[in-house]
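**Student:** Have a look at this one.
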Amino acid sequence: MPFAQWDESLSIGDEQIDGQHRWLFFILNRLAESLGHPDEEQAVIRCLVDMERYALTHFAAEEAYMESLDYAGLAEHRILHQGFARKVEEYREGLIAGEVSARQVADFLRDWLLRHVQGADMDIHRSLGLG
Ligand SMILES: [Fe+2]
């Protein structure tokens, strides 16, 4: 059983965005698989760097998608994306400093991703009268 699972209930109705969400879950699962391994911290840091980098690419694509729809919630949504980037940075630093555990990093990522896709991202879908 994967740590976090993307399924059709998380589809926001755009193939590109859904594919990117699936990839974020994939990176998260790879991160979760390294929990409890002797090289856990290094592996989690590597995954966090991947996650950070890919999330930025994804957020740019999602924001462009919202722009193309003239989506009213774009500015607010952009702030959520910026908040995530900041949080990931904080968790990475906390992990290196020994203030947070790899497990806490994984839990934060899963909670944020699920809540964000089910909430703010699904709102885009709902705004089209589809969700
Ligand atoms: Fe989003």
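Taken together, the values in this text are just the output of simple stated rules run on the coordinates, not laboratory data. All figures in this text were calculated on a predicted structure; none of them were measured in a lab. Cβ sites come from the backbone with ideal geometry, for glycine too, and all protein chains shown count toward neighbours.
**Student:** Nothing charged except the Cβ atoms of Lys and Arg (+1) and of Asp and Glu (-1): what's the magnitude of the dipole of the chain about its Cα centre? Round to the nearest 20 debye. Spell out each step's value before the answer.
**Tutor:** Values: 12 positive and 24 negative charges, 36 e Å.
Value, rounded to 20: 180 debye.
**Student:** As an exercise, use a Förster radius of 30 Å and the Cβ-Cβ distance of residue 107 and residue 64 to find the FRET efficiency, rounded to the nearest 0.05.
**Tutor:** Efficiency at R0 = 30 Å is approximately 0.50.
**Student:** Contour minus end-to-end for residue 90 and residue 41, with contour as 0.36 nm per residue of separation and end-to-end as the Cα-Cα distance?
**Tutor:** 16.1 nm
**Student:** Rounded to the nearest 0.05, what FRET efficiency is calculated for residue 75 and residue 15 with R0 set to 25 Å and r the Cβ-Cβ distance?
**Tutor:** Between residue 75 and residue 15 the formula returns 0.50.
**Student:** Given 17, 102, 69, which one lies farthest toward the positive end of the charge dipole of the chain, if we put +1 on the Cβ of every Lys and Arg and -1 on the Cβ of every Asp and Glu?
**Tutor:** It is 102.
**Student:** Work out from phi, with θ = phi - 60° and the Karplus expression 6.51 cos²θ - 1.76 cosθ + 1.60, the ³J(HN,Hα) of each residue of the stretch 70-87, listed in order in whole Hz, and give x for Gly and Pro.
**Tutor:** Rounded to whole hertz, the list is 6, 5, 5, x, 4, 4, 5, 5, 4, 5, 5, 5, 5, x, 5, 4, 5, 4.
**Student:** Residue farthest toward the positive end of the dipole of the chain, with Cβ of Lys/Arg at +1 and Asp/Glu at -1: which of 127, 1, 56?
**Tutor:** It is 1.
**Student:** Separate question: Between helix 15-33 and the chain, what is the angle of the helix's C-alpha long axis to the longest principal axis, kept within 0 to 90° and rounded to the nearest 10?
**Tutor:** 10 degrees
**Student:** Rounded to a whole number, what is D in µm²/s for the chain from Stokes-Einstein with the Kirkwood radius over alpha-carbon pairs (25 °C, 0.890 mPa s)?
**Tutor:** The estimated diffusion coefficient comes to 161 µm²/s.
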